[in-house]
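Throughout, read-outs are computed from the coordinates displayed, never taken from laboratory work. Computed from a predicted structure; not experimentally measured. Cβ sites come from the backbone with ideal geometry, for glycine too, and all protein chains shown count toward neighbours.
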Amino acid sequence: MHWPTVSLVSFGLALTSLSFMSLPITATPVLDVSKRADPPGLHDVHTGEATFYNPGVGNCGETNTQVDFVVAVNIDVFNQFRSVICDDKFMSVTAFGKTVSLKIVDECVTCGPDGIDLSLAAFEIFAPPGTGEFQAQWFIQ
């Protein structure tokens, strides 16, 4: 008698052949990309100057305006983590006792080593535009 072949997925393995008569089992690992490790340094805490800009089409391919709650990160950080940043990453920004989560959408070529550029709407959560800049602590979530 020949028993049917059964496919099962269990404990990260795809069982592709199961015969109840002779019991040979062939296992194939299943890649679970939801558990992919982030690159080292991605979640480091930074302190730098926060300024504001008028977003447009960012380097992640999205179009945003100054009323959107978005941020551009300095070019070195952006280039180092581009592959994960453009995959809907957010940044936690803290200043003046307030913390906000902003979507990272672009690089900032004029920002200093730990500088960030916030949309006007995001900047105004912390300070009036006339302030021009302020010190902020941030990390990529």
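Worth pointing out:
- Lone qualifier among A95, A136, A121 - being more than 17 Å from H46 (Cβ to Cβ) and of a type in the set (A, V, I, L, M): A121
- Residue list for region 115-141, restricted to those being among the acidic types (D, E) and either in contact with a helix residue (DSSP H, G or I) (Cβ under 7 Å, 6 or more places away or on another chain) or within 17 Å of K89 (Cα to Cα) (or both): D117
- Residue, surrounded by the fewest Cβ atoms within 10 Å (Cβ to Cβ), within region 76-106, restricted to residues that are among the polar types (S, T, N, Q) and within 17 Å of Q137 (Cα to Cα): S101
Table: residues versus (1) over 16 Å from G56 (Cα atoms); (2) in a helix (DSSP H, G or I).
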position: V73; (1), (2): no, no
position: S83; (1), (2): yes, yes
position: L102; (1), (2): no, no
position: D106; (1), (2): no, no
position: C111; (1), (2): yes, no
position: Q137; (1), (2): yes, no
